[in-house]
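Structure first, commentary second.
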Amino acid sequence: MDSTATLLVIAAVVAVVLLAVAVVLLVRLVRTRRTLQRAGLPTGPRWVFWGAVAYLVLPTDLLPDPVYLDDIAVLLLALRSMRAGRALPPGPGEPAGAERLKSPWSSR
């Protein structure tokens with residue numbers, strides 16, 4: 001095998017690995033949304049979820065499609081924003097039945 005064929009094989013393997021990571025993140029995003037909905041917790045804005053799914057599926061990207069790093073970043077941001085809206089257990093000075101929503105900017 002010459003060097004060009006070797007580079008093409010390496011690029012194809014990297015593209016397949018990145019696509020697999022993007023698909024795994026998409027599955028995690030869908031499962032997280034479903035779990036939060038079943039628990040009756042807020043899932044964040046609906047457009048965040050559908051926007052991330054559409055960005056992965058649609059052919060227009062910030063980076064060409066063999067490089068799925070931008071798709072992975074969008075999925076990670078959507079996953080983080082969905083998890084940021086979950087309810088937290090009561091704090092030390094709060095009554096036992098009080099739950100509050102986690103702010104996306106808090107450190108807890």
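Measuring r between the beta carbons of ARG28 and LEU62 and using R0 = 22 Å, the FRET efficiency lands at 0.55. The residues of the range 1-45 expose, per residue, 69 Å² of accessible area to a 1.4 Å probe. Placing dummy labels 7 Å off each Cα toward the beta-carbon, the span from LEU77 to ALA15 is 2.5 nm.
The values are calculated or read from the model by the stated rules, or taken from the named source; none is laboratory data. What you see is a predicted model, and the numbers here were worked out from it, not measured in a lab. Reconstructed Cβ throughout: ideal geometry from the backbone, glycine too, with neighbour counts over all protein chains shown. For accessibility, only protein heavy atoms count, side chains too; no ligands or nucleic acids. Shrake-Rupley method; radii C 1.70, N 1.55, O 1.52, S 1.80 Å.
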